[in-house]
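I have placed the structure first, in the form of structure tokens, so that the comments after it can refer back to it.
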Amino acid sequence: MLQGIPVRLGFAMAALWVGAAVADTEAERLLKARQAEFTQEVIEVADGVYTAVGFGVSTSSMIVGDDGLIIIDTQIDEAAAQGVLAAFRERSDRPVRAIVLTHGHGDHTGGLRVFVGDGRPQIWGREGFGSEGRWLAQAGLTVQRLRGVRQAGMLLNSEQRINNGVAQAYWPKRRGPSGVFAAQNRPTHFFTGDRGALDVAGVRLQLVAADGETGDQLYAWLPDRRVLFAGDNFYKSWPNLYAIRGTGYRDVRAWIESLSRMIAERPQVLVGGHTRPVIGADRVTEVLTRYRDGIASIFEQTIAGMNQGLTPDELVETVKLPAELAELDYLKPYYGNVEWAVRAIFAGYLGWFDGNPSNLFPLSPADEARRVATLAGGAEALRTAARAALATDPQWTAQLCDRLLALDPDDAAAMLLKADALDALARELLTATGRNYYMTTALQLRRAAAEASTSGGSGSAGS
Ligand SMILES: [Zn+2]
């Protein structure tokens with residue numbers, strides 16, 4: 001009956017949030033300024049070494065050797081890879097002799113077949129390649145794909161999505177969410193231990209084990225031209241020490257050590273897995289050192305706080321990047337977020353229990369919501385408070401809506417109010433993955449509300 005009204009209101013508000021008439025927030029202004037990192041270009045980073053940026057979502061590089069090419073990373077899909085290959089072909093028509101995959105994530109491997117072509121290049125990776133994807137698959141876990149669609153913003157339009165913080169907004173031409181692990185996109189050659197070397201087309205390229213974003217990560221080091229290809233252990237953003245699509249613990253200490261090893265090579269050029277290369281020995285050393293020191297600072301503060309018995313909720317209140325690091329553009333949380341890193345470090349070492357015995361066997365969400373509603377003077381009083389908070393405190397609105405939905409999972413009005421709160425939170429957040437997650441969930445809540453309304457409130461509101 002009345003349920004149709006909030007649905008229409010909800011859509012009207014959604015149109016407001018994404019409409020051109022609304023002025024950009026500071027976060028949106030910064031995300032839009034980021035687009036400069038994704039301008040499509042092939043950059044000659046050193047003599048005979050080219051890096052393609054702004055084609056798909058990740059970088060690909062080409063080293064021109066005496067009688068052939070070495071390619072490093074192969075884009076997210078074949079369409080992006082074809083664009084890169086065509087641009088590389090304007091610089092060299094020599095055959096591809098070898099391909100190096102810095103790690104197993106789909107955004108670096110999806111276009112492999114295009115670079116393989118009709119030749120039989122060696123395809124190099126590290127032993128254990130694809131371990132993250134295998135670990136999830138062996139458990140039968142699939143929900144990270146749905147969460148990955150939210151994190152990547154695949155269901156959003158371009159105005160909502162803006163970009164992914166370290167890559168342009170891109171909708172892959174292959175099926176599946178970002179971060180899928182295609183079994184066929186695998187190396188033919190593996191190196192074991194700490195360091196391997198590749199001698200192809202007169203080029204000597206070192207491959208170095210570098211645990212970090214993944215346990216199968218490597219960096220490639222071209223010593224004669226001092227170019228370091230970092231994979232995803234470096235890009236210009238606070239790193240994704242934890243991905244909200246759902247990941248196991250990314251070994252932060254190992255990541256710090258990998259960065260120290262990269263600094264010790266004294267590169268002239270640093271090619272990250274995303275964003276534009278950093279060029280110039282002094283600049284590379286400075287950037288890598290501060291990047292490493294930033295991660296180390298958060299790690300050490302978190303461990304110190306854990307040793308004092310602080311819970312994750314308490315830690316995120318106090319653990320911060322030092323001011324002189326926080327202001328650096330390449331450490332701003334465009335993609336990863338310091339708070340999520342702190343929680344990941346806690347969970348990685350101590351697991352889910354925060355140390356507070358009240359949380360050993362907490363009330364169920366419905367039980368807790370009933371008691372909070374009683375304290376507040378009833379569910380409608382909760383709803384009034386949730387509505388009143390929307391303009392100034394959307395986080396509180398969202399948390400109160402969670403109580404309303406715990407009381408009644410088919411409460412369409414609470415879904416719509418929560419959707420508005422999530423959109424408001426999204427617009428203030430710089431971290432693109434979180435922005436995408438908020439906005440996609442808002443979209444899904446509005447759909448669920450429409451379903452709950454048309455089925456008279458008796459349908460399932462799952463999303
Ligand atoms: Zn990547």
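The values are calculated or read from the model by the stated rules, or taken from the named source; none is laboratory data. All values derive from a computational prediction rather than experimental measurement. Don't worry about glycine lacking a Cβ; one is built from the backbone with ideal geometry, like all the others, and counts go over all protein chains shown.
Starting from residues that are out of contact with any strand residue (DSSP E or B) (no Cβ under 8 Å at 6 or more places or on another chain) and away from the ligand (no atom under 16 Å from the Cβ), keep the ones in region 91-127 and report whichever is nearest to GLY65 (Cα to Cα). Taking the candidates together, the pick is ASP93.
Against the criterion of being closer than 23 Å to LEU425 by Cβ and either of a type in the set (A, V, I, L, M, F, W, C) or exposed (fewer than 11 other Cβ atoms within 10 Å of the Cβ) (or both), ALA389 qualifies. Hey, does region 283-300 have a residue that's in contact (Cβ under 8 Å) with a residue 24 or more places away in the chain and farther than 28 Å from HIS105 by Cβ? Looking through region 283-300, none of the residues is in contact (Cβ under 8 Å) with a residue 24 or more places away in the chain and farther than 28 Å from HIS105 by Cβ.
Of everything in region 213-247 that is more than 14 Å from the chain's Cα centre (by Cα) and in a loop (DSSP other than H, G, I, E, B), the residue that is nearest to the ligand (Cβ to nearest atom) is GLN217. Of note, LEU425 satisfies the criterion of being surrounded by fewer than 20 Cβ atoms within 10 Å (Cβ to Cβ) and within 18 Å of GLU26 (Cα to Cα). The set of residues from region 222-231 being surrounded by 24 or more Cβ atoms within 10 Å (Cβ to Cβ) and either farther than 17 Å from SER258 by Cα or in contact with a Gly (Cβ under 8 Å, 6 or more places away or on another chain) (or both) comprises ALA230, GLY231.
Residue count for region 201-235, restricted to those that are touching a residue at least 60 places away in the same chain (Cβ under 8 Å) and farther than 11 Å from LEU270 by Cβ: 17.
A count restricted to region 180-190 and to residues that are hydrophobic (A, V, I, L, M, F, W, C) and at pLDDT 95 or above stands at 1. Those helices (runs of 4 or more DSSP H) of region 296-385 in which at least 2 residues are at pLDDT 95 or above, within 30 Å of ALA33 (Cβ to Cβ) and in contact with a Gly (Cβ under 9 Å, 6 or more places away or on another chain), considering only elements entirely within it, cover 323-326, 338-350. For region 298-306, the condition holds for no residue, the condition being that it is away from the ligand (no atom under 16 Å from the Cβ), under 26 Å from LEU136 (Cβ atoms), among the aliphatic types (A, V, I, L, M) and in contact with a strand residue (DSSP E or B) (Cβ under 7 Å, 6 or more places away or on another chain). Of the helices (runs of 4 or more DSSP H) entirely within region 70-136, those holding at least 3 residues that are buried (at least 24 other Cβ atoms within 10 Å of the Cβ) occupy 78-89, 106-109.
Taken as a whole, the structure leaves ARG250 outside the set of residues that are outside the structural domain of VAL49 (by TED's automatic domain parsing), charged (D, E, K, R), touching a residue at least 12 places away in the same chain (Cβ under 8 Å) and within 25 Å of THR433 (Cβ to Cβ).
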